[in-house]
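Taken together, the values in this text are just the output of simple stated rules run on the coordinates, not laboratory data. This structure is a prediction, so every number in the text was calculated from the model and none was measured. All Cβ positions, glycine included, derive from the backbone under ideal geometry; neighbour counts span all protein chains shown.
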Amino acid sequence: MKTVINITIGGLVFAIEQDAYDSLEKYIKEIKQTLVEGDDVNEIVSDIETAIAEKLSERGRSERIAVTEDDINKVILEMGAPIDFKEAGGVEGESAQSETEDKKDEIKKRLYRDTDDVVIAGVASGIAKYFDIDPAIVRIIFVAALFFNGIGIIAYLIFWLAVPVAKTTTEKYAMSGDKVTLKEITERVKKNINDIDKEDLEKARGLWNSLLSGLKRIFSLIGICIKVLFSILRYVVGFSFLLAGSFAMAGLVSALVIILFVDNASIPQSIQPAMQLVLSSPLGVISIVSVFLTAVIPFVVLLLAGGSLISKRIILSVTKSITLAAVWIVALVLAITTSAVQIDRVLEKVGPINVEDNDFMININRSEEGIKIDVTDKDRKQNSKIEVSEDVAPNLPKIEIYSGLSFTQNSTVINLARKGLEGSLKAEVGQFVALTELDISNNNFTDLPAEIGQLSQLQVLNLSNNNFTGLPHELGNLENLQVLDLRGNNISKFDLQIIREKLGEEVTVVE
Amino acid sequence: MTDSDGTYNVAKVESQMRKGFLEFPVLLIIGTKPTYAPDILKQLKQANLLVVEGTLYPLLSRMKRSELVTYVWEESKSGPPRKIYSLTKAGENALELIETAWKKLDTSVNKLIKQYEK
């Protein structure tokens, strides 16, 4: 049997057992004590009471069915202990407290380097946060200051060394903190000066540490400098690669297009006939294309390398590079084998190639040993000679025409002038069936082999300024001979007469 | 978040997390439709966001005082009149701001979670 009290909670009447009432009263009192919000306490408590009243009536409690202590305990469990209210309300308590603190003593703003917004070391962004302006403005000022004897760099380095990085959230918050007045700054400076006097000893001890951290900062600075330099270098090199590669490619491609598809009006006059000859055969076109590919692929690689450097990722994949390398090697081999034949053809049909411009002159001609390329640098007056031996056309057999002098069998022109040769040519001279011109002038020859008569294609035979006293009868077999130069020899008038008769009137004999 | 004996109390962290941002869900509930306290509680419980019911009342009082919410009295058939809470203009603005902030926070935290779970 228990005492029952009638009470109203939140406007509802309840019959409540004595011990339950005690618990409830204690609970409400505790809530009132924990809440320290002035006027609102009553309102909160009345809200809570209303809530309790609703909970109790939901459980079917009323003036007729008494509220037990068990009911109250369950309600309290649902509502939560006052200590929990305090924690939730604590947010408010704290904020109320900090509000008043803020008014007196705003969060100290400090200059930090802002590593969240970094170009070099976050100096500019830190300063920008401190003064609450856009970092871009600070950066522009730093860059502009570069032009005043490099003050920008020096100032930046000093800031870098002197200003710490904002590491913790508090520090980051303190970066932009609240507004700082001039008065506060001067006060802080004064206080710092006082502190220095007091803390001289401690400072001395801390000096070593700050020296160490300073050194660390210097090293990291050097590291970053190197990094920055490297990235600048990366851009410069990458950009020049891109530029060189694209210009070279553009030049080569337009050259190819002009040669292959456009009338050769843009080609230098001196090489027009040669070009026409080369283009007349499919092999010549292959030669030009393969030379083009050999030249252009390295520039493609250069271009891609430049792109990779700037974009910081490798544009050229492994498969692509292998393909490129394979194409290049094939083109190179083709270029070497086909263009040797083409150059030979040009020299044979058109004559020596002369390419000349303001700086240099290239002369390509045939010589006894093969193809001879003379490159003359007009500025330096240097003359470098490239002798391309006929080994580049390995399939053609060579025949010795004079001791130590060999020519390919299909040679059409053989020039042995001014070599100081004597005696006679070898009998093998008869094997040069394609020969149209033979020049052995200005030597000391005395005889010609009879096999000379087998040169059915020979048109020009220059024997001038030698020691010939007579010539073989077989000269009469040279069906296509047009010019025979016999000046400066010891051939008697009688013999000359016979020679003229043998050769007929079509042949011009120069005496 | 450390108990007196120095151990890290996970449950406490969780409850702190819920308490810390209870204001936002409450604003959301009231913003959806004017509501009275027990209904707010019911929805919070369904969303599994509430630690103890008692926390709501100081919170509502605080929000009323900062003029984020206001209430009107409404007669009830069973029992005392009820306070029906609704958002003020300032409350609507605040809710919008908090929502943006929350979405940002959510993205950042999710990113970290994904990064951790990888």
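For a quick check: with amide H placed at 1.01 Å from N, whose amide H comes under 5 Å from A:Val165's, ignoring anything fewer than 5 positions away on the same chain?
A:Arg113
Show the residues, 5+ positions off or on another chain, whose built amide H is closer than 5 Å to the amide H of A:Phe360.
Residues meeting the amide H criterion: A:Lys378.
Using r as the Cβ-Cβ distance of A:Ser311 and B:Val10, and R0 as 51 Å, what FRET efficiency do you calculate, to the nearest 0.05?
0.65
Can you work out the FRET efficiency for the pair A:Phe131 and A:Phe230, with r the C-beta to C-beta distance and R0 = 41 Å, to the nearest 0.05?
0.80
May I ask you to derive the FRET efficiency for A:Lys74 and B:Lys111 from their Cβ-Cβ distance with R0 = 45 Å, giving the value to the nearest 0.05?
My answer for the efficiency is 0.55.
Between rounded, prolate and oblate, where does region A:396-510 land on the alpha carbon gyration tensor, with a ≥ b ≥ c its root eigenvalues, rounded for a/c under 1.5, else prolate if a/b exceeds b/c?
oblate
Report the charge-dipole magnitude of region A:396-510 in Debye, nearest 20, computed about the Cα centre from +1 at each Lys and Arg Cβ and -1 at each Asp and Glu Cβ.
Using only the charged Cβ atoms, the result is roughly 300 debye.
In whole Hz and in residue order, list the ³J(HN,Hα) couplings for region A:461-466 that follow from phi through the Karplus curve 6.51 cos²θ - 1.76 cosθ + 1.60, θ = phi - 60°; x for Gly and Pro.
10, 9, 10, 5, 6, 10
Hey, what do the phi angles of region A:139-150 turn into as Karplus ³J(HN,Hα) couplings, whole Hz, using 6.51/-1.76/1.60 and θ = phi - 60°, x for Gly and Pro?
Each residue of region A:139-150 in turn: 5, 4, 4, 4, 5, 4, 5, 4, 7, 9, 6, x Hz.
Sequence-distant or interchain residues sharing an amide H contact under 5 Å with B:Val69, placed H: which?
B:Lys64, B:Thr88
From the backbone phi of region B:86-92, what are the Karplus-calculated ³J(HN,Hα) couplings (6.51 cos²θ - 1.76 cosθ + 1.60, θ = phi - 60°) in whole Hz, Gly and Pro given as x?
Once rounded to whole Hz, the list reads 9, 7, 8, 4, 4, x, 4.
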